[in-house]
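> My structure is below; once you've seen it, I'll send some questions.
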Amino acid sequence: MLRLKGSLCLLLAAFLWGVTFVAQLVGMDGIGPFTYGFARYVVGVFAILPVWYLFHGKRVNARINGNYHPGWKAGLGAGAIMFVASAFQQCALQYTTAGKTAFITCLYIIFVPIMSVIIGKVLNKENWVGAIAALVGLYCLSIKGDFSLNYGDFLAFICSIFWSLHIMYIDRFADRKDNIEISVAQLIVCAVLNCFTAFLLEQVVLADIVRAWFPIVFAGVMSSGIAFTLQIVGQKYAEPAHAAIIMSLESVFGALAGWVVLSEQMTGTEIFGCVLMLAGMLITQGRVILRNTSFKI
């Protein structure tokens, strides 16, 4: 039941990341990517701080019982990795298409299982079958036309490695440290590093940020605040290989959101890709679903 709970948290996180993608595209119209990142992560911090405060009593009881394990230090490392991954992703978009960036970024579907095996984890064959199905589906969903590689694709490849490391890093601490504190700390780190980079490389204009307030607030609350917290909670109960496949459904939800909100057209190949990615997720979660489902005659 706990693994199913973790999977549902990750699925909801993927949904929020996907629908927020539209807000990200709109929000960066007129402001630089690091300025946008700084603003949204600041909003994310203030969105999650009330949740942290609500669990104050639980943390006090944990301290009394000797079960309190703060997540601030773990969150600093998570935030540093997340900033690097998102920075490479934003830079990649300047040189290559959004579809290719999404596909190459989500190569963590394969990188995470490989990393898991390297550190000694045993994966079932459905993990590999599900990952390959999801990867093929992602290709159908993301790639349009030529697949020649360029500088932006190389940056996206590095981004994918860092997102893989982020997933593995969260897996190491999610069941050991305070999840909310990890989330708050990593958002603060991302906000600070984006702020520094924005003032270093971009022209930060307050009026431009104010004009983009709605997509910034929407992404800050839904994606930065809620979704990244759900990722940490979900990975507390789900293996990283499972988590990677479920979180990659972000691209499916993003495509559907573009179809509904922006009236973007989806081809038959793209719809087939969505189906394949969903199938990959169901394959990896098959045992969990069957284990937690009983049929009575």
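> Using the Karplus equation 6.51 cos²θ - 1.76 cosθ + 1.60 (θ = phi - 60°), what ³J(HN,Hα) coupling, rounded to whole Hz, does each residue of the range 237-252 give in order, writing x for Gly and Pro?
Computed from phi, the couplings for the range 237-252 are 10, 10, 5, x, 5, 5, 4, 4, 5, 5, 5, 5, 5, 3, 5, 5 Hz.
> When the chain is fully extended, how far beyond the present Cα-Cα distance does TRP213 get from LEU8, taking 0.36 nm per residue of separation?
Details: separation 205, 0.36 × 205 = 73.80 nm, distance 2.99 nm.
Using 0.36 nm per residue and subtracting the Cα-Cα distance, I get 70.8 nm.
> How large is the Rg to Rh ratio of the chain when both quantities use alpha carbon positions and Rh follows Kirkwood? Could you put the intermediate results ahead of the total?
Numbers: Rg = 19.0 Å, Rh = 19.6 Å.
That ratio is 0.97, to two decimals.
> Let me ask another. For the range 210-260, what size does the Cα cloud have along each of its three principal axes, sorted from largest down, in whole Å?
Computed over the Cα atoms, the extents are 41, 24, 11 Å.
> Given the options GLN186, GLN90, GLN235, which has the most mean-square fluctuation in a GNM of the chain, springs set between C-alpha atoms less than 10 angstrom apart?
Of GLN186, GLN90, GLN235, the most mobile in the Gaussian network model is GLN90.
> Now for a different question. Counting GluC sites (Glu not before Pro) as exposed when in a DSSP loop with at most 16 other beta carbons within 10 Å, what is the longest stretch of the chain free of them?
On the way: sites that count: GLU202, GLU264.
Maximal segment without exposed cleavage sites: 1-201.
> Can you figure out the FRET efficiency of VAL204 with PHE154, using R₀ = 30 Å and their beta-carbon distance, to the nearest 0.05?
Details: r = 28 Å, r/R0 = 0.94.
Efficiency computed from Cβ-Cβ geometry: 0.60.
> At what distance in angstrom do the alpha carbon centres of the range 32-52 and the range 111-132 lie from each other?
First find each Cα centre; the distance between them is then 33 Å.
> Of the residues VAL233, VAL210, VAL252, which exhibits the maximal mean-square fluctuation in a Gaussian network model of the chain defined by a 10 Å Cα contact cut-off?
Of VAL233, VAL210, VAL252, the Gaussian network model singles out VAL210 as fluctuating most.
Rule-based calculations on the coordinates, nothing more; no lab input. What you see is a predicted model, and the numbers here were worked out from it, not measured in a lab. Backbone-built Cβ (ideal geometry, glycine too); neighbour counts: all protein chains shown.
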